[in-house]
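The structure appears right after this line, and notes come after that.
The values are calculated or read from the model by the stated rules, or taken from the named source; none is laboratory data. Keep in mind it's a predicted model, so treat the numbers as computed, not measured. A quick note on method: Cβ atoms are made from the backbone with ideal geometry, for glycine too, and the neighbour counts reach across all protein chains shown. Areas reflect the complete protein model, heavy atoms only, side chains present, ligands, DNA and RNA absent. Shrake-Rupley method; radii C 1.70, N 1.55, O 1.52, S 1.80 Å.
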Amino acid sequence: MSGEPLLRVRDVHRRFRTGPTVVHALRGVSFDVAAGSMVALVGRSGSGKTTLLNTVGGLDRPDAGTVHVDGTDVTALDEDGLSRLRREKVSYVFQSFGLIPVLSAAENVAAPLRLARVAPAERDRRVELLLDLVGLADHARQRPAELSGGQQQRVAIARALAASPRLLVADEPTGQLDAETGLSVMALLRGVVESEGVTALVSTHDPVMMALADRVIRIDDGQLSDETPGQPPESVPDAR
Ligand SMILES: Nc1ncnc2c1ncn2[C@@H]1O[C@H](COP(=O)(O)OP(=O)(O)OP(=O)(O)O)[C@@H](O)[C@H]1O
């Protein structure tokens, strides 16, 4: 498999029909993401970022084009196949965290491991390790409402990593966080890409996230319009 991109997107189109109006949200999007790299997806509001991320992880189907994740043709999967993909290969981090309110931090992180039928002792070990990785070892028993926004997003990142996905998709993961908290969550994401060997595709408006990425791809009105390599933070205006 070496040399194969972890993610391959080819000529993806997606249209939405609302009454008489048709919005062409993706107009022939193609790109590759190398295994173990972190790519930032940027673009104005309404440019198609969420639609693209949903298509990549099988939450939404394109009208045309193909998406391959780790050699699997996502666009050819039936519902069972998509569920397996989301359990085993792709996980999501959302702007709104998406934690289960009645579960503790540890139970939220354990949820994907339960689904994957990981044995309890191994599950506990992995949850402890992940909460430690995201700096929340002392908050394992707290429920989401008892955690700050930044802490909740850290739990969501730990949960997303629980089942050792190949691809982490994050849709504006720092969108609800203040600048300082957002920066620490972004640095955490960058760190886990390295330490867990995961590949990440992250939509963002934040120049610091762009600077932390290996590559930046820009979407404009449903088309990729530009691509620049990640830059060191000191060369990004207003990043400090
Ligand atoms: N389910 C839907 N039904 C109808 N139109 C939709 C739907 N989802 C997205 N769109 C339209 O598709 C276009 C792209 O939306 P998308 O949410 O992908 O943009 P975005 O870049 O993620 O925006 P933002 O940064 O504001 O989240 C927009 O014009 C949007 O109104």
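Structure above, values below:
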| quantity | calculated |
| --- | --- |
| Any hit, the range 116-128, residues being outside the structural domain of THR199 (by TED's automatic domain parsing), open to solvent by 60 Å² or more (accessible area, probe 1.4 Å), assigned to a helix (DSSP H, G or I) and closer than 14 Å to SER164 by Cβ | yes |
| Any chance ARG125 is of a type in the set (Lys, Arg) and either more than 29 Å from THR72 (Cβ to Cβ) or at pLDDT below 95 (or both) | no |
| Residues located in the range 30-66, provided they are in contact (Cβ under 8 Å) with a residue 60 or more places away in the chain, farther than 24 Å from GLY175 by Cβ and part of a strand (DSSP E or B) | SER30 |
| Tally, over the range 67-82, of residues that are assigned to a helix (DSSP H, G or I) and touching a Gly at 6+ places or on another chain (Cβ under 9 Å) | 4 |
| The range 2-34: number of residues that are within 15 Å of the ligand (Cβ to nearest atom) and not hydroxyl-bearing (Ser, Thr, Tyr) | 17 |
| Count of residues meeting criterion [under 14 Å from the mean Cα position of the chain (by Cα) and open to solvent by less than 10 Å² (accessible area, probe 1.4 Å)] in the range 156-204 | 23 |
| Answer residue from the range 143-155, given it is assigned to a loop (DSSP other than H, G, I, E, B) and open to solvent by 50 Å² or more (accessible area, probe 1.4 Å) and is nearest to VAL42 (Cα to Cα) among those | SER148 |
| Residues being buried (at least 22 other Cβ atoms within 10 Å of the Cβ), away from the ligand (no atom under 16 Å from the Cβ) and within 18 Å of ARG14 (Cα to Cα) - total across the range 35-82 | 1 |
| In the range 1-29, the residues that are open to solvent by less than 80 Å² (accessible area, probe 1.4 Å), in contact (Cβ under 8 Å) with a residue 60 or more places away in the chain and over 28 Å from PRO207 (Cβ atoms) | HIS24 |
